[in-house]
Amino acid sequence: MRVSPYFKRYNHYYLMLVLPIAYFLIFRYGPIVGNVLAFRKYVPGGSMYGEEWAGLRYFKMFWNDPTFWAAFQNSILLSVLNLAITFTLPILFALLLNEILNKKLKTIIQTISYFPNFVAVVVVVGILKEILSPTNGIVNSFLGQFGIDPIFFVNEPGWFRAIYISSDIWQFMGWNAIIYTAALASVDTQLYEAAEMDGAGRWRQTFSVTIPQILPTISVVLIISLGSMLTLGFEKVLLLYTPSNSTTSDIIDTFVFRMGLQNNNYSYATAVGLFGGLIGLMLVSAGNYISRKISGFSLY
């Protein structure tokens, strides 16, 4: 078999692609086959693809299950709040970093903001529980100075979303701002010079030059974020989950975990997971279409 000169010249690059391709084939595309369990009855000890066809039985089951709809509602509400806040703040953070002229100070701030991304989720939740502890937590100790009784923040349903979103901001804001920082670095400085000659101040330059130049990047990131709206941070939610706060902390991912791994109802859990995946696909398609119509930028 004749090998093309182009392949021979760049064969080391193709070799570097082997592991990423294998990863996606095994851990991303391979599990898709398992979605057949949503339409088949799985029996422990039997075939991994189920024993008999069940049609839409499991879809009808969760469609009439009020527990599922409570988890679905929690997922939607938490996802929308989390996306609105954690998607916007990295953009603002990157814009503020762009205004810092002292390169050393800018590097220090960036390094500090990136660090939390490398802290394990279980460590983050452990820190949260220590800070918010009703007995010796910093927050309750501070509130006690004003005569306020200790608050069981982690067990309170009303505090769950605030705790989850604020921890996401601390952990991922700096890291998520990297892509916007890179986009800002590629903006032509002549555009700022032209705007300044026209009398535009820093605020006017931000809205007339900076944001329009990074709008394609913002559009792509938003479309990708819409696709993962319902997946949230399963590990963090599960670690913060308690029976006391379950009215707000039970989301689709924890519902699937409970139905599948705890109750051994794998077919039912697969049907719910497949439904969530289809919702994500529709959100990506809708976001891509709207972005293309409004801004002219799209993912595909």
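The table for this structure:
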quantity	calculated
Qualifying aspartates and glutamates (Cα of each under 17 Å from Cα of Lys41; at least 8 residues distant if same chain)	Glu51, Glu52
Residue-normalised accessible area of region 61-125, given per residue in Å² at a 1.4 Å probe	58 Å²
Segment Phe115-Ala84, extension gain: residue separation times 0.36 nm, minus the distance between their alpha carbons	8.9 nm
Partners for Lys129 among lysines (Cα-Cα distance below 24 Å; same-chain residues under 8 apart left out)	Lys236
Identified option (computed Rg/Rh (Cα atoms, Kirkwood Rh); candidates [x] 1.04; [y] 0.98; [z] 1.08)	[x]
Summed side-chain charge close to Ala70 - residues other than Ala70 whose Cβ falls under 15 Å, Lys, Arg +1, Asp, Glu -1	-1
Listed residues Asn136, Asn74, Asn11, most fluctuating in the chain (Gaussian network, C-alpha, under 10 Å)	Asn11
Region 101-200: chymotrypsin sites (Phe, Trp or Tyr not before Pro) in DSSP loop, at most 13 other beta carbons within 10 Å	Phe146
Helix-only CD estimate at 222 nm, as mean residue ellipticity for the chain, using -39500 (n - 2.57) per DSSP H run (n ≥ 4)	-19500 deg cm²/dmol
Pairwise label distance in nanometres, Met16 with Asn263, each label 7 Å out on the Cα-Cβ vector	4.8 nm
Point-charge dipole on Cβ atoms (K/R +1, D/E -1) for the chain, about Cα centre, debye to 20	900 debye
Charge context of Gly46, other residues only, Cβ under 13 angstrom, K/R +1, D/E -1	0
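The values are calculated or read from the model by the stated rules, or taken from the named source; none is laboratory data. The structure displayed is predicted, hence computed values, not measured ones. Using ideal geometry, Cβ is built from the backbone for each residue, glycine included, and neighbour counts are taken over all protein chains shown. Accessible surface areas use protein heavy atoms only, side chains included; no ligands, DNA or RNA. Shrake-Rupley method; radii C 1.70, N 1.55, O 1.52, S 1.80 Å.
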